[in-house]
Amino acid sequence: MKFSSPSASLLALVSIAAAVPKSRNDGVIRIPLARKSTDVAGHVDMSALSAHLFSVSNKYRQTFSAFEANTGYAHPLSAKMMSSIRERDVPLINQGTELWYGEIDVGTPPQTFNVSIDTGSTDLFLPSVYCVDCEGHNMYHAVLSSTAQDERKGVTLSYGEGEVMGDEYSDDVSLGGYKASSQTFLAANEYSSNFMYPEFQPDGLLGFAFEQISGLKAKSVFETISDSGVLPKSVFSVKLSSTAGESELSIGATNPNLYIEDTLTYTAVTNEGYWQVNLEAVSRGGSTVAGNSASIIDTGTTMIITTDAAAEAYYQDIPGSSNSTQEGMTYYTIPCDTIGLYTPTFSFGGRGFDVSEETFNLGPESEGSSDCVGGIAGRSDIDFWVVGGIFLQNVYTVFDQGNTQVGFAELA
Ligand SMILES: *[C@@H]1O[C@H](CO)[C@@H](O)[C@H](O)[C@H]1NC(C)=O
Ligand SMILES: *[C@@H]1O[C@H](CO)[C@@H](O)[C@H](O)[C@H]1NC(C)=O
């Protein structure tokens, strides 16, 4: 990702958008995005949805463990999840989640990769050219890069979606026109099936959370860039959409065209590691159903996930609602013709942000069903909120590393 003029790089925008060709004339790089593949043939793919809910706890288990290894103390939100006894297998079925991804360049000369943008983890991994399960992906060829360095360390990382094994490398990584020099990452020699192509469309994954939850004990690409002092502001910002051409990641800036300026509201990161903030309230129809809870802002999770009790409290008075639980995961349905009356509002930093019916309603639970799946689900092993794509599609989000705060604004 190179910009031809220095002024363009001051507002480095990586746009992630479906079916729009890459263009450089306006300083914006447009890259394809994701599919909403929880929706198959007009209804929700329930096995994909279950796999997603299931996989979320794997991801948080891994990152909680990394936090404890890196800081010497248990993450305050980890107690419930870490005390649940069974080691769970990662399900090997189509993940089926909405992924937002964009391009990065790695090495000298640059090798280009698509990476999933994940604010719920910190590390970068890519398939190495020695990866046997990575056919269809772009693969990192270290010997072709004059800046590559083999750190001679084997590593395994587990994610919500699966597991990757390989070798730690460092090399130069460019994101939105900015360079992270000697960035530590994992060049994978093995991908679990969830990361194989075409199930997993991007080549690898790029974490945007803090160093404290890095399995590689390394800074994120964004932290490396930010620490080098080149950014106008130590922020990155996203607009996420399922509409083609509308998603965008800005490095070092916000894009004022995408949000309503005077609605931008900041709330402090309460514990560096995740992008963790206080969720002041969740309300529906003017009444509060949950208040003052820890929440994690996670672009790598599709749904909004909370405790069983909070999910139950959300849906319990809704006429015709029902739920089903499998392996600790509970999803809820509301009659499709009334679900629009029961969408949530999330309050952060003193301002409420509405979730639209279009994003809250995942669609009929099965073919021909008149019950539609709601975007808030419950899990028995967490005691916080994971605020994922269903909420984030309704706002412009500013991740302000410099002032350790998160800003939300209404979309323009
Ligand atoms: C990234 O993904 C998009 C859409 O799938 C594709 O058009 C583009 O060529 C990919 N880039 C690379 C480097 O493969
Ligand atoms: C969820 O299921 C339980 C057990 O079937 C039931 O008691 C509860 O009322 C259900 N909640 C909703 C919101 O339907």
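How large is the charge dipole for segment 257-410, taken about the Cα centre, if only the Cβ atoms of Lys, Arg (+1) and Asp, Glu (-1) carry charge, to the nearest 20 debye?
Approximately 220 debye in magnitude.
Bin width 5 Å, origin at 0, all Cα-Cα pairs of segment 257-410: what percent of pairs per bin?
2, 10, 19, 23, 20, 13, 8, 4, 1, 0
Please list, in order along segment 170-186, the HN-Hα scalar couplings obtained from phi with the Karplus expression 6.51 cos²θ - 1.76 cosθ + 1.60 (θ = phi - 60°), rounded to whole Hz, x for Gly and Pro.
Along segment 170-186, the couplings run 10, 6, 7, 10, 10, 10, x, x, 10, 9, 9, 7, 6, 6, 7, 8, 10 Hz.
Starting at the first residue of segment 393-402, write each ³J(HN,Hα) from the Karplus equation 6.51 cos²θ - 1.76 cosθ + 1.60 with θ = phi - 60°, in whole Hz, x for Gly and Pro.
3J(HN,Hα) across segment 393-402, in whole Hz: 6, 9, 9, 9, 10, 10, 9, 9, 5, x.
Pull up all non-local amide H partners of ALA180: gap of 5 or more, or a different chain, and H-to-H distance under 5 Å with H placed in the peptide plane.
Correct list: VAL173, SER174, LEU175.
Using Cα centres only, tell me the gap between segment 364-412 and segment 251-288 in whole Å.
Distance between centres, Cα-based: 12 Å.
Check which residues have an amide H placed less than 5 Å from GLY349's amide H, if you skip close sequence neighbours.
HN-HN under 5 Å from GLY349: GLU280.
On the Cα set of segment 100-231, report Rg and Dmax in Å, please.
Just the Cα atoms of segment 100-231 yield Rg and Dmax of 13.1, 39 Å.
Using amide H atoms built 1.01 Å from N in the peptide plane, name the residues 5+ places from THR307, or on other chains, whose amide H lies under 5 Å from its own.
ARG379, PHE384
Rule-based calculations on the coordinates, nothing more; no lab input. Note that this is a predicted model, so its numbers are computed, not measured. All Cβ positions, even for glycine, are placed from backbone atoms using ideal geometry, and neighbour counts span all protein chains on display.
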